[in-house]
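Visitor: Supplied in structure tokens, the structure appears directly below.
The values are calculated or read from the model by the stated rules, or taken from the named source; none is laboratory data. Quick caveat: nothing in here was measured; it's all calculated off a predicted structure. So basically every Cβ, Gly included, is an ideal-geometry build from the backbone, and we count neighbours across all protein chains shown.
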């Protein structure tokens, strides 16, 4: 039938040449297929992709412990929570973000709510639905919602805190020992830090738990959630940090190789100063002991300043900037535009962005397809109907 289309000799000659070329190409493909080594599929031989996980984030998941290292199934390690050397007041970083999914997949946008700014465009969009007085039900994906219910269902906001830690001991991840990393601060540990560093009882002296020289080690004992066959997700979701505790004595930071950064004499000096400071805050200590402790502190303060400077310089040289790494990031123009489109579909159109099809865009696509008339369509290469072989 196709041959009848070509009425002129030149057209017939061209058709014959095209058909022969197609036949040769098909035969070559079949020859290759018959002898093809399936292990040579390109995707199987691509270099392994690096994990998209943040390599500067320290994780202490008890579900990933080696049973030989931790027979009890708990995650055991020792870390030092330390100050941000670039801004001590910003040593605990709050971050908030919204998780969204549209037709192109999952994405996240940081929110200014992390530092109390309620002008966040995502927060404002959520408020329009959450505080709506419209109680009429509408249906999305087979379920009924009011505007308030829909907004609370779709706007997935989470908040986290991050701090800087140095890993002191970790048999599960020995390659992390000595490294300065960001750590997603568990609420139980944050509450302990707040209670000890900023006590509500003003008669209690604040403890300098994050000090590079005088801070104590935090002993991690991270407990997995319960084994619940009916709800296996509880084992991951209900991880607890309530068994973690701070040691009593100071432990200065280490070198990144896990070795001591300070000499024996310097560490003795640090211990002596910490002991003297403890006497000064002891309500039961005698006046004589407090005088002796005060004199000791005065003698040691100048040499200790040099050690403190050494520690600060070392941390700056080897640690990440947690504000830059884990703090708020202004969304790019492209990301903000994507989020605004998501908001329009959710808030204004009351639809699911994963499945919503814009009628105007669909119409434009249809018009674009209509522009290609049969005359403009590319000619089909004639083929052999017997080419589709069952192998």
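Visitor: Filter the range 198-244 for residues that are in contact (Cβ under 8 Å) with a residue 40 or more places away in the chain, farther than 22 Å from residue 273 by Cα and not in a loop (DSSP other than H, G, I, E, B) and give the result.
Guide: Across the range 198-244, the qualifying residues are 219, 220, 221, 222, 223, 235, 236, 240.
Visitor: Can I ask one more? So, of the residues in the range 203-230 that are over 24 Å from residue 92 (Cβ atoms) and surrounded by fewer than 12 Cβ atoms within 10 Å (Cβ to Cβ), which turns out to be farthest from the chain's Cα centre (by Cα)? Even if it seems obvious, please write down each step before you answer.
Guide: Going through the range 203-230, the residues over 24 Å from residue 92 (Cβ atoms) turn out to be 203, 224-230.
Of the ones still in play, those that are also surrounded by fewer than 12 Cβ atoms within 10 Å (Cβ to Cβ) are 203, 226-230.
On the way: 203: 40, 226: 25, 227: 26, 228: 27, 229: 29, 230: 29 Å.
So, considering only residues that are over 24 Å from residue 92 (Cβ atoms) and surrounded by fewer than 12 Cβ atoms within 10 Å (Cβ to Cβ), the one farthest from the chain's Cα centre (by Cα) is 203.
Visitor: For the range 274-296, what are the residues that are under 27 Å from residue 220 (Cα atoms) and in contact (Cβ under 8 Å) with a residue 60 or more places away in the chain? Don't jump to the end; show me each part of the working.
Guide: Filtering the range 274-296 down to residues under 27 Å from residue 220 (Cα atoms) leaves 274-275, 277-278.
Within the range 274-296, 274, 277 qualify.
Visitor: So, in the range 133-147, exactly how many residues are loosely packed, with under 10 Cβ neighbours inside 10 Å and under 14 Å from residue 346 (Cβ atoms)?
Guide: 1
Residues checked against (1) part of a loop (DSSP other than H, G, I, E, B); (2) in the same structural domain as residue 187 (by TED's automatic domain parsing):
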| position | (1), (2) |
| --- | --- |
| 252 | yes, yes |
| 273 | no, no |
| 284 | yes, no |
| 288 | no, no |
| 298 | no, no |
| 301 | no, no |
| 305 | no, no |
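Visitor: Taking the range 345-361 on its own, how many of its residues are out of contact with any helix residue (DSSP H, G or I) (no Cβ under 9 Å at 6 or more places or on another chain) and either in a loop (DSSP other than H, G, I, E, B) or closer than 21 Å to residue 113 by Cα (or both)?
Guide: Of the residues in the range 345-361, 4 are out of contact with any helix residue (DSSP H, G or I) (no Cβ under 9 Å at 6 or more places or on another chain) and either in a loop (DSSP other than H, G, I, E, B) or closer than 21 Å to residue 113 by Cα (or both).
Visitor: Could you check the range 139-175 and list, in sequence order, the residues that are part of a helix (DSSP H, G or I) and touching a helix residue (DSSP H, G or I) at 6+ places or on another chain (Cβ under 7 Å)? Break it down into steps so the answer makes sense when it comes.
Guide: Of the residues in the range 139-175, the ones part of a helix (DSSP H, G or I) are 147-154, 174-175.
Matches in the range 139-175: 147, 148, 150, 151, 152, 154.
Visitor: Inside the range 98-121, can you point out the residues that are in a helix (DSSP H, G or I) and either more than 29 Å from residue 331 (Cα to Cα) or in contact with a helix residue (DSSP H, G or I) (Cβ under 7 Å, 6 or more places away or on another chain) (or both)?
Guide: 113
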